[in-house]
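In what follows, a single structure is set out as structure tokens and then discussed.
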Amino acid sequence: MAPVLLTAALLPVDHAQAQTSFANQDSLNQVLKQIDHYQVLNKNNLSQVTKVNQLRDLVPRDWAYAALRSLVERYGCLAGFPNQSFRGNQALSRYEFAAGLNYCLNQIERLVAAQQLLTRNDLETLNLLTQEFEAELTMTASRVDELGSRTGILEDNQFSATTVLRGEVILAIADTFGGEIEEIDNVSDQSETTFSSRVRLNFDTSLFGRDRLRTRLRSGNFIKIDEELTGTDSTRLGFDTGGDFDLQVSDLIYRFPVNQQLRLWVSPLGLDLDDIFNVSNPQLASSSSGALSRFSRRDPLLFRGTERAGLGINLELIKNKLRFNALYLTDNANERSNGDVPGTEAEGLFKGSFSSGAQLVYNPFDALELSATYVRNYQTADSVDQSGDTVSGFATQPFASLDGNDNTDIDTTADKIGGTVSFNVSEKIVISGFGGFADVSGLVTGEDNNQSGEIWTWGANVSILDLITEGAKFSVAGGMLPKFISEDAVPEGQAGLQEDQDTSYLVEALYRFPLNDNVAITPGAYAVLNPNHVDDNDTVYVGVVRTTIRF
């Protein structure tokens, strides 16, 4: 019999995914892997098909096609995709056809048990098909029994019926090189080559099937490559985690769908702006597989700030085209009282630093994503950081110079707006970029005219996928680190509000090479030009080799 062009995704998840491509599988492990793939693929896409000729990829070449068509039209014993096509690029073997036939037989048996009688012609058709594919049906039954036994073992020994454990380990060798940073007493880079690590264990629990409660345990021993080592926070890694392998719960986040269009987020711990907002930087946003530097992962002005606990929503306005996201986050939501500290007041959920904002994400077509974001940010004097720890300069604490010290004691507000873009030029080339602006004000106690200024930043990157080997990625990124300017600033050297005099840039290159599905090595480097927006400061370089292990 000539092969019929039909993907195994045609069949329902509970039977067909266990029976696809048996003739081309070398081991049962490969079958299980394919089952997992089709479960994700078919989760929300299967719909009942009542006519075989609705499935455009099916080629009617022989009598078996006509027989299958007759059975499907009468008894609806197969399922296909709403777009009326079979997803896959593989011809259906006799064994796969037998798997489909076997499922039809099971469906028809249920009808008979429910006293829905078959016609004589249909019985004869079933007999002919059963005789023609007797050997294949026997083989299919044997393989399904074997698979059922294996599945039973997995179920008996699974971690939890409702919780999936996923782990990740990052091992990083890093060193920095550079000259003197003048504003910190001409200190040269004194750091040594380091070997550090970070461990994450995610416990993802589903209570209703489409929701997720994430409990994350985190530990690590990174010493941050920041101002204390290099003279600038711009050298920070994008995945550093401090501590001496102290295990802590870093995330406790619950998200759940209200309906097909609306999803809600709620969290007392670990909820970040980039969890709810789309950063539109698909190749470099991840801390484990993306950029090596902290700056290149996402717009630090919009997507780093006051965060930790709060609420968020994702609303799909036009399916696959337009989405609306909104959030309210604070950093000390658990504070009830600060009675032990005279002169202080507990912040709680609404009286302290917060970020609130909204975002529109637009996909005019699959290859292009655009977003526009607004964030209203308020930070109390003891927690001001407007740059997301990506630069040491006035963009981090814009009004610190007003009290003549390095640390600000002025509450700060900011209205931030920005946009992002991500475009798949081809299947193997992706470009992304962002730009952000903030109108910031320092709330000077007892003064009618508060100080104000602006912060600007931008960045862009390009990634070439599958370079040399499948799954590899070569990326180049760069941009202007957050820079503070103000009409209220006084000339350098005078007492009063100061601004960044020059412009600092960061450039980065990396190559991610996967050893297999679980291990990837990413060597790369980045350079900070004119650190802290001072031309007289020497360029600082950071070299990194990151190894990511997932299990």
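The set of residues in the stretch 474-512 that are farther than 23 Å from E454 by Cα and in contact (Cβ under 8 Å) with a residue 40 or more places away in the chain comprises S475, A477, E508, L510, Y511, R512.
Table: residues versus (1) at pLDDT below 65; (2) within 38 Å of the chain's Cα centre (by Cα).
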residue	(1), (2)
S93	yes, yes
I108	no, no
L117	yes, no
T130	no, no
F159	no, yes
E168	no, yes
G178	no, yes
I184	yes, yes
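Scan the stretch 458-469 and give yes if some residue there is open to solvent by 70 Å² or more (accessible area, probe 1.4 Å), at pLDDT 95 or above and within 21 Å of V528 (Cβ to Cβ), otherwise no. Yes, because at least one residue in the stretch 458-469 is open to solvent by 70 Å² or more (accessible area, probe 1.4 Å), at pLDDT 95 or above and within 21 Å of V528 (Cβ to Cβ). Residues in the stretch 483-504 that are open to solvent by 50 Å² or more (accessible area, probe 1.4 Å) and either touching a Cys at 6+ places or on another chain (Cβ under 6 Å) or not in a loop (DSSP other than H, G, I, E, B) (or both): I485 only. Looking only at residues that are of a type in the set (A, V, I, L, M) and in a loop (DSSP other than H, G, I, E, B) in the stretch 515-536, which one is most open to solvent (accessible area, probe 1.4 Å)? Result: L515. Considering the conditions (1) touching a Phe, Trp or Tyr at 6+ places or on another chain (Cβ under 9 Å); (2) buried (at least 19 other Cβ atoms within 10 Å of the Cβ); (3) more than 30 Å from F423 (Cα to Cα), L237 is excluded by exactly one of them, (3).
A residue that is in a strand (DSSP E or B), within 26 Å of L322 (Cβ to Cβ) and touching a residue at least 60 places away in the same chain (Cβ under 8 Å) occurs somewhere in the stretch 377-384. For the stretch 371-406, the tally of residues that are farther than 18 Å from L273 by Cβ, surrounded by fewer than 18 Cβ atoms within 10 Å (Cβ to Cβ) and modelled with pLDDT of 90 or more stands at 0.
I'm trying to understand the selection: among the residues of the stretch 282-296, which are open to solvent by 10 Å² or more (accessible area, probe 1.4 Å) and under 21 Å from V425 (Cβ atoms)? Of everything in the stretch 282-296, those that are open to solvent by 10 Å² or more (accessible area, probe 1.4 Å) and under 21 Å from V425 (Cβ atoms) turn out to be P282, Q283, A285, S286, S289. Assessment of the stretch 505-514 against the conditions (part of a strand (DSSP E or B) and of a type in the set (D, E, K, R)) yields at least one matching residue. Among the residues of the stretch 169-186, some residue qualifies, meaning at least one is open to solvent by 60 Å² or more (accessible area, probe 1.4 Å), assigned to a strand (DSSP E or B) and in contact with an Asp or Glu (Cβ under 8 Å, 6 or more places away or on another chain).
With V430, V444, V476 as the choices, which residue is surrounded by fewer than 23 Cβ atoms within 10 Å (Cβ to Cβ), at pLDDT below 95 and among the hydrophobic types (A, V, I, L, M, F, W, C)?
V444
Touching a helix residue (DSSP H, G or I) at 6+ places or on another chain (Cβ under 8 Å) and on the phi > 0 side of the Ramachandran plot, is that true of G496? The answer is yes for G496. Quick one: would you say N424 is open to solvent by 40 Å² or more (accessible area, probe 1.4 Å) and over 33 Å from the mean Cα position of the chain (by Cα)? Considered against the rule, which asks whether it is open to solvent by 40 Å² or more (accessible area, probe 1.4 Å) and over 33 Å from the mean Cα position of the chain (by Cα), N424 comes out as no.
Name the residues in the stretch 220-270 that are in a loop (DSSP other than H, G, I, E, B) and of a type in the set (S, T, Y), would you? Correct list: T232, T241. Looking across the stretch 344-355, just one residue is surrounded by fewer than 17 Cβ atoms within 10 Å (Cβ to Cβ) and in contact with a strand residue (DSSP E or B) (Cβ under 7 Å, 6 or more places away or on another chain), and that is L349. Of the residues making up the stretch 266-277, none is polar (S, T, N, Q) and more than 26 Å from F551 (Cα to Cα).
The values are calculated or read from the model by the stated rules, or taken from the named source; none is laboratory data. What you see is a predicted model; the values in this text were computed from it and never measured. Please note: Cβ atoms are built from the backbone with ideal geometry, for glycine as well, and neighbour counts cover all protein chains shown. Remember, those area values only see protein heavy atoms, side chains included, never the ligands or the DNA or RNA. Shrake-Rupley method; radii C 1.70, N 1.55, O 1.52, S 1.80 Å.
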